[in-house]
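A.B. asks: I'd like to ask some things about the structure below.
The values are calculated or read from the model by the stated rules, or taken from the named source; none is laboratory data. Just so we're clear, the structure is a prediction, and the values are computed from it rather than from any experiment. Cβ: placed from backbone, ideal geometry, glycine included. Neighbour counts: every protein chain shown.
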């Protein structure tokens with residue numbers, strides 16, 4: 001298989017996204033500027049204006065995403081005048097009206113969150129990872145992110161009760177149930193929707209870099225080798241590096257020339273061969289895999 005194509009692009013994603021081909025991206029993973037944050041780099045967006053600012057971007061993301069693709073949005077509410085602002089909730093509702101399906105919500109638990117104390121709250125140790133899709137049927141490769149069963153299974157599965165050998169329906173009447181015997185002899189199980197990952201300790205000269213393991217997990221879950229990954233707020237290029245290591249093609253967009261140059265340098269350190277793709281082009285279109 002040929003080497004992955006890694007293509008960082010400089011510019012406002014609202015404009016650059018229009019140059020990408022419709023239905024060409026398999027996975028979008030991004031962390032846009034949160035409301036009133038990254039003012040020194042991206043200017044900051046007031047919480048009251050956030051939805052109106054983001055909807056034109058999400059409309060373009062919806063256009064370029066394949067029908068079977070997935071959009072993962074890393075975002076978090078901020079505190080305004082002593083209470084959580086509702087802009088994230090409002091954005092979810094607005095995107096649903098735009099035609100997106102809000103399929104799932106993952107939680108990123110920051111294992112190394114530094115201690116802190118405030119008069120009326122504790123330090124944030126988690127962030128949202130919202131999953132949106134264009135249709136109910138989408139590509140998902142769950143086996144790629146399975147985790148070890150754990151030592152608990154040795155004792156728990158050794159002596160099964162009669163209930164363990166049948167589907168035990170939830171007492172709450174939710175329709176969910178479990179059959180413990182299904183896991184006898186297995187070494188791995190499916191993970192939960194809570195991701196326990198440390199924050200990036202080397203910020204790569206960026207104001208808000210997430211760990212490479214975070215986009216890598218979603219890249220494995222929702223794509224295969226040769227698929228196309230997009231990060232419209234590329235930042236330090238974490239998503240692009242994760243995609244390259246996993247042999248996926250990737251496009252990243254950032255309005256800050258400093259970050260754009262840093263990403264190019266970091267990719268050169270990885271010996272990414274398609275360095276000519278960094279040059280200016282008349283149109284930025286991901287080629288479709290054969």
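A.B. asks: Pick out the one residue from 27, 9, 73, 61 that is surrounded by 15 or more Cβ atoms within 10 Å (Cβ to Cβ) and more than 23 Å from residue 131 (Cβ to Cβ).
C.D. replies: 9
A.B. asks: What's the number of the only condition in (1) surrounded by 10 or more Cβ atoms within 10 Å (Cβ to Cβ); (2) more than 20 Å from residue 197 (Cβ to Cβ); (3) modelled with pLDDT of 70 or more that residue 119 fails to meet?
C.D. replies: Residue 119 satisfies every listed condition except (1).
A.B. asks: Shifting gears a bit: Which of the following residues is surrounded by 12 or more Cβ atoms within 10 Å (Cβ to Cβ) and either more than 16 Å from the chain's Cα centre (by Cα) or without any contact (Cβ under 8 Å) to a residue 60 or more places away in the chain (or both): 84, 97, 136?
C.D. replies: Answer to the selection: 84.
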